[in-house]
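Inspection log for the structure reproduced underneath, given as structure tokens.
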Amino acid sequence: MSFSQGFLEEAIEILGAVDTGSIEACATGLAQVRERGGRLFILGVGGSAGHASHAVNDFRKLCDVEAYAPTDNVSELTARTNDEGWDTTFVEWLRGSRIGERDGVLVFSVGGGSQERQVSVNLVRALELAAARGASIFGIVGRDGGFTATVASACIVVPPTYPDRVTPHTEGLCAVLWHLLVSHPALAVNSTKWEALP
């Protein structure tokens with residue numbers, strides 16, 4: 001078997017093991033954020049920051065959700081990193097946005113953030129504030145979900161079935177899963193361009 005065939009078969013197996021109940025809970029919860037007039041803040045680091053930017057577009061355009069990603073503002077991101085340190089980048093952005101109980105946070109992360117392991121601590125700080133302010137928390141994460149899974153209202157965990165490829169499978173399937181969410185009947189309001197053409 002080629003590496004390509006094996007990788008695709010792994011992805012199919014992992015996707016088949018994802019808990020659909022958690023997907024439905026995320027779809028319902030995200031729709032409730034929209035219905036109560038809240039904003040959705042999408043957080044991700046590294047490749048997940050790119051996913052966050054793409055997902056902001058999809059939630060705004062397809063679902064009529066007011067969505068933002070702090071990593072889209074590179075000037076503020078780098079100023080906060082330089083002046084206050086990396087761990088504060090997301091929490092201070094959310095504080096400045098006056099995050100509140102009507103709002104939601106959606107995290108894309110392989111590990112979900114961990115204070116103990118000192119990985120993605122900026123996610124941990126942001127989620128601590130979000131929880132304290134009563135915002136709804138959602139995630140698409142890998143491994144055991146880390147801090148995100150412990151505080152989330154609903155969290156999709158991509159099973160770490162293949163330990164040598166946890167990151168590529170989690171990040172790759174994250175895109176599949178958020179596209180599922182923005183296509184979900186609970187959230188989708190507007191059709192995509194190609195599907196709208198005769």
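Numerical summary
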| item | result |
| --- | --- |
| Failed condition for residue 165, given (1) over 22 Å from residue 22 (Cβ atoms); (2) modelled with pLDDT of 95 or more; (3) among the basic types (Lys, Arg) | (1) |
| Hits in region 69-92 - residues which are closer than 18 Å to residue 174 by Cβ and not in a helix (DSSP H, G or I) | 69 |
| Candidate set from region 141-166 (those that are touching a residue at least 60 places away in the same chain (Cβ under 8 Å) and over 24 Å from residue 37 (Cβ atoms)); member that is surrounded by the most Cβ atoms within 10 Å (Cβ to Cβ) | 156 |
| Test for residue 171: is it in a helix (DSSP H, G or I), touching a residue at least 40 places away in the same chain (Cβ under 8 Å) and among the acidic types (Asp, Glu) | yes |
| Residue ID - nearest to residue 125 (Cα to Cα), chosen from residues in region 22-46 that are small (Gly, Ala, Ser) and either over 12 Å from the mean Cα position of the chain (by Cα) or modelled with pLDDT under 95 (or both) | 46 |
| Residue match in region 122-139 (condition: of a type in the set (Val, Ile, Thr), under 17 Å from residue 70 (Cβ atoms) and assigned to a strand (DSSP E or B)) | yes |
| Any pair with Cβ under 8 angstrom, 6 or more apart, that starts in region 110-128 at a residue that is farther than 15 Å from residue 47 by Cβ and ends at one that is part of a loop (DSSP other than H, G, I, E, B) and β-branched (Val, Ile, Thr) | 122/45 |
| Conditions (1) assigned to a helix (DSSP H, G or I); (2) without any contact (Cβ under 8 Å) to a residue 40 or more places away in the chain; (3) of a type in the set (A, V, I, L, M, F, W, C); (4) out of contact with any Pro (no Cβ under 9 Å at 6 or more places or on another chain): number failed by residue 62 | (2) |
| Out of 56, 107, 121, sole residue that is within 16 Å of residue 175 (Cβ to Cβ), among the hydrophobic types (A, V, I, L, M, F, W, C) and in contact with a Ser or Thr (Cβ under 9 Å, 6 or more places away or on another chain) | 107 |
| Residue under evaluation residue 37, criteria (1) in a loop (DSSP other than H, G, I, E, B); (2) surrounded by 21 or more Cβ atoms within 10 Å (Cβ to Cβ); (3) of a type in the set (Gly, Ala, Ser), criterion not met | (2) |
| Residue that is small (Gly, Ala, Ser) and buried (at least 19 other Cβ atoms within 10 Å of the Cβ), where the choices are 136, 114 | 136 |
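The values are calculated or read from the model by the stated rules, or taken from the named source; none is laboratory data. Please read all numbers here as calculations on a predicted model, not as lab measurements. Positions of Cβ are generated from backbone atoms using ideal geometry, with glycine treated the same way; all protein chains shown enter the neighbour counts.
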